[in-house]
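See below for the structure under consideration.
The values are calculated or read from the model by the stated rules, or taken from the named source; none is laboratory data. Since the structure is predicted, the reported quantities are computational estimates derived from the model, not experimental observations. In this analysis, Cβ positions are derived from the backbone assuming ideal geometry, glycine residues included, and neighbour counts consider all displayed protein chains. Quick note on the areas: whole protein, heavy atoms, side chains included, nothing else; ligands and nucleic acids left out. Shrake-Rupley method; radii C 1.70, N 1.55, O 1.52, S 1.80 Å.
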Amino acid sequence: MFVGGEGTGSGLHIDNSDTHFVMHMLHGVKDFRFLGPHDRILGYEDREEGTFTTDIFNPDFEKHPLLALATVYETTIYPGDFLFMPGGSAHQTINREGGAVAISSNYIDASNLVRCTTAFDEKHRYDLSDDLRRRAAQKLSVTRMDVVDTPWPKLFPEYAVAP
């Protein structure tokens, strides 16, 4: 859950391990600006932290000249709106008049599994086996609903812990 007063928000960042996220706005108004995954290199990213030194609401093109080459997308969400943010998209927010209350969730599905495990590997230096990735990709490519409705032990019984 995100709760913030008027004028608060987040600096430009990418969600952990390049996950997708959805947000449902409950109260207030929130402005989003974001760079698509293909333009994130132009945002001066600190890869270790997943943060950026740029402010895409108030860009300083003298300090960050490559930002001028990026496509910056903008949207505003209102109560009742849902927003989908593709994994790997650098985004920044500002809460407008009256503040904002929203709930959100990050997730991984077949469309971003390899990207998320790679981002996780890079950040945490943890190596998922190629075999595990291959089997996950095969099982996840069947249908997205299978992923949503299938508990982890059913997908990978050899990793399940008996109750």
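Tell me the carbon and sulfur percent of the accessible area for the stretch 20-67, rounded to whole percent, probe radius 1.4 Å.
Numbers: 1400 of 2520 Å².
Its accessible area is 55 percent carbon and sulfur atoms.
In this calculation the C-beta distance from I41 to M1 is compared with R0 = 25 Å, giving a FRET efficiency of 0.20. Of the trypsin sites (Lys or Arg not before Pro) in the stretch 6-66, the ones in a loop by DSSP (not H, G, I, E or B) with at most 12 other beta carbons within 10 Å are R47, K63.
Just subtract the alpha-carbon distance of N106 and N16 from 0.36 nm times their residue separation and send over the number in nm, one decimal.
Numbers: separation 90, 0.36 × 90 = 32.40 nm, distance 0.86 nm.
Using 0.36 nm per residue and subtracting the Cα-Cα distance, I get 31.5 nm.
Summing charges over all other residues whose Cβ lies under 13 Å from the Cβ of L67, with Lys and Arg as +1 and Asp and Glu as -1, gives -2.
Our note on the geometry: Cα centres of the stretch 76-109 and the stretch 23-40, 5 Å apart.
The simple spin-label model puts a point 7 Å past each Cα toward its Cβ; for D55 and T71 those points are separated by 2.7 nm.
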